[in-house]
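See below for the structure under consideration.
The values are calculated or read from the model by the stated rules, or taken from the named source; none is laboratory data. Computed from a predicted model, the values in this text were never measured in an experiment. In this analysis, Cβ positions are derived from the backbone assuming ideal geometry, glycine residues included, and neighbour counts consider all displayed protein chains. Ligands, DNA and RNA are excluded from the accessible area calculation, which covers all protein heavy atoms including side chains. Shrake-Rupley method; radii C 1.70, N 1.55, O 1.52, S 1.80 Å.
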Amino acid sequence: MKIFLDTANITEIKKGLAFGVIDGVTTNPSLVAKEQREFIPLIKEITAAMPGPVSVEVTASKPEEMIAQAEKYAAIAANVVIKVPINLEGLQVVKALAGRGIKTNVTLIFSPSQALLAAKAGATYVSPFVGRIDDISGDGMALVEDIALIYDNYNIATEIIVASVRHPLHFVQAAKIGADVATIPFVTLAQLLNHPLTASGMERFLKDWQKVKP
Ligand code: G3P
């Protein structure tokens, strides 16, 4: 499973890259707003720091305006992937961008039917938001299972990005289902390494090592 960092924070991206296991970055308008920086220079910096795919979301509502935004963002760097919301206009945009060789990540996926239509339109990735479904007492991972089953049924190449990840269990469940990617906040990346038995085991080894004559 590929691991993307779900952030627009350049410090987190650089720290994440030091782990040696990060394959890409996903951003969205809310994550970008948190940075309080000019948008294009920020995306330039992220795409230069991260060798893998970087999702950048369009915010216009008319298809022709979304396509113009997408072309502008795609020209920033070869690793830009255009994030497009799932709706009628979004589907048209995904199809047009696929025809131009521009990769897309269809976002705000909350149902298997949305994921199937996004794939048929030519999406490179779909992003089911598992945490937001769990937040309203739904089962976010059941959605990922359904999408994976449907994509397997028809040998669909669109990759599933498990998004809106809230904790390490989401990450493990995504891997058990066989999702292509989990996009995770930096805090979750750090949590993935933690285990109290590893910490206490290290402590005991170091203490015992003091008794060994060099
Ligand atoms: O990038 C999209 C997604 O991961 C958002 O997560 O935590 O705002 O539901 P969240």
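Numerical summary
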item	result
T198-K34 pseudo-label distance in nm [points 7 Å out on the Cα-to-Cβ vector]	2.3
Three-way shape call for region 2-209 based on the alpha-carbon gyration tensor, with the a/c threshold at 1.5	oblate
Ranked by how many other beta carbons lie within 10 Å on average, peptides 33-43, 84-94 from highest	84-94, 33-43
Portion, in percent, of the accessible area of the chain that falls on carbon or sulfur, probe 1.4 Å	56
About the Cα centre, charge dipole magnitude for the chain (Lys/Arg +1, Asp/Glu -1 at Cβ), debye	680
Among the listed pairs K2/K176; K15/K207; K14/K176, those beyond 25 Å (Cα-Cα)	K15/K207; K14/K176
Residue (of P63, V126, G90) at the positive-pole extreme of the chain, dipole from beta-carbon charges	V126
Spin-label model distance (nm) - E65 vs K207, 7 Å beyond Cα toward Cβ	6.4
Helix-only mean residue ellipticity at 222 nm for the chain, each DSSP H run of n ≥ 4 adding -39500 (n - 2.57), per residue, nearest 500	-15500 deg cm²/dmol
Magnitude of the charge dipole, region 14-109, Cβ model with Lys/Arg +1 and Asp/Glu -1, debye to 20	180
Inter-label distance, nm, simple model (7 Å from Cα along the C-beta direction), K176/S113	2.9
Burial ranking of peptide ranges 124-133, 57-66 (average Cβ count within 10 Å, highest at the top)	124-133, 57-66
Candidates N153, N79, N105, ranked by Gaussian network fluctuation over the chain, Cα under 10 Å, top entry	N153
With Cα atoms, 0 to 90° folded angle of helix 112-121 axis to the chain main axis	60
